[in-house]
Amino acid sequence: MSSPDRSIRIEGLSRTFRVGSTAVHAVREVSLTIPEGKLTVIRGRSGSGKTTLLNVLGLLDRPTAGSLRYGATDVLRMSDHERDRFRRSEIGFVYQTIALVALMTAWENIDFRMRVAKASVEDRQARVPECLHLVGLSERASHRPFEMSGGEQQRVAIARAIAHRPRVIYADEPTAELDTITGIHVVAIFRRLIEEEGITVVMTTHDPAMMELADHVVEMENGYVLEHADDTV
Ligand SMILES: Nc1ncnc2c1ncn2[C@@H]1O[C@H](COP(=O)(O)OP(=O)(O)OP(=O)(O)O)[C@@H](O)[C@H]1O
Ligand SMILES: [Mg+2]
């Protein structure tokens, strides 16, 4: 029996912002399939629409037009409540600016995210060390953010994003504030999560070094997605 297709499909997707009497076409009629269990990188100049597309994909924002499916699920037809629940359970986010809770240790930051997802105490006690191990930070469990390097903090943020076992992670320029080597380590962790947890990762970046590590590169320009002959999967 083949497993169900869980790729993410968008068709004719647009997001237009109204600012006063003008319209900003941030994303324009994008059709795209994001393959399951792969690392997809979205690249493009500043203002090309990457964050807007990521926010729509991650159900933080609604498109002005078009469709969005997670496997067979038409997420735009869900009620607000169902969509919030879907986002909380199926999606994890990692941002450019690391948003850990300053007073909490690495362990507590991850545990807190699982409490939000209503995980049981037993599950949390087993999963938190597993996530720390996945990002190579078992030794930093009791460190607070200011007691860790930027790269370590970003790895805790990744551990937190995967703790509730989402099927997809959206990462908006997660390596922008890191040096290239540290950035490559962070992307290597995404690769490991793809292999070990079967997660799908979509990240935006400006950095050519990160694109080398992608399975699939999507290029945006002025709200459009450009077709690429060299897409590799
Ligand atoms: N809430 C908003 N209201 C109005 N315009 C917006 C809004 N958000 C984004 N835009 C505009 O939409 C376009 C795309 O913005 P977006 O943030 O998606 O670009 P980006 O590719 O992520 O850029 P960067 O690389 O600088 O992060 C820009 O022209 C931006 O000014
Ligand atoms: Mg952006």
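For the reader, a short list of remarks on this structure follows.
- Converting phi to 3J(HN,Hα) with the Karplus coefficients 6.51, -1.76 and 1.60 and the offset θ = phi - 60°, segment 209-222 yields 5, 6, 5, 4, 8, 7, 7, 8, 10, 10, 9, 10, 8, 6 Hz in sequence order, with x at every glycine or proline.
- On full extension, the segment bounded by Y95 and S149 gains 17.8 nm, given 0.36 nm per residue less the C-alpha separation.
- Ordering of 178-187, 151-160, 103-112, 138-147 by packing [mean C-beta count within 10 Å, highest first]: 151-160, 103-112, 178-187, 138-147
- Neighbourhood charge, 15 Å Cβ-Cβ cut-off, centred on D207 and excluding it, Lys, Arg +1 and Asp, Glu -1: -3
- T73 paired with M104, simple spin-label distance in nm, labels 7 Å along Cα-to-beta-carbon: 2.3 nm
- Charge tally around T182: other residues with Cβ under 11 Å, Lys/Arg +1 each, Asp/Glu -1 each, net -2.
- Shown in residue order for segment 100-112 are the 3J(HN,Hα) couplings computed by the Karplus curve 6.51 cos²θ - 1.76 cosθ + 1.60 at θ = phi - 60°: 7, 6, 4, 8, 9, 6, 3, 4, 5, 4, 6, 4, 4 Hz (x for Gly and Pro).
- In nm, spacing of pseudo-spin labels at L213 and E29 (7 Å Cα→C-beta vector): 3.6 nm
- Computed from phi, the 3J(HN,Hα) profile of segment 77-83 under the Karplus parametrisation 6.51, -1.76, 1.60 (θ = phi - 60°) reads 8, 6, 6, 4, 5, 5, 5 Hz, with x in place of Gly and Pro.
- I169 long-range amide H proximity, modeled H, under 5 Å: G92, T200, V201, V202
- Highest to lowest packing among 219-225, 118-124, 54-60, 170-176, scored as the average C-beta count within 10 Å: 170-176, 54-60, 219-225, 118-124
- Amide H partners (placed H, <5 Å) of I42, local residues excluded: M203, T204, T205, V218
- Distant-in-sequence amide H partners of H164 (H built 1.01 Å from N, under 5 Å): none
- Hydrodynamic radius of segment 40-134 by the Kirkwood approach over all distinct alpha-carbon pairs: 15.8 Å.
- Taking a sphere under 9 Å around the Cβ of L137 and counting the other residues whose Cβ falls inside, with K and R at +1 and D and E at -1, yields a net charge of 0.
- Under 14 Å from the H133 label point (7 Å along Cα→beta-carbon), backbone N, segment 159-199: 196-197
Each value in this text was obtained by applying a stated rule to the coordinates, not by laboratory testing. These figures come from a predicted structure and were not determined experimentally. Because the Cβ atoms are built from the backbone with ideal geometry, glycine has one as well, and the counts that use them run over all protein chains shown.
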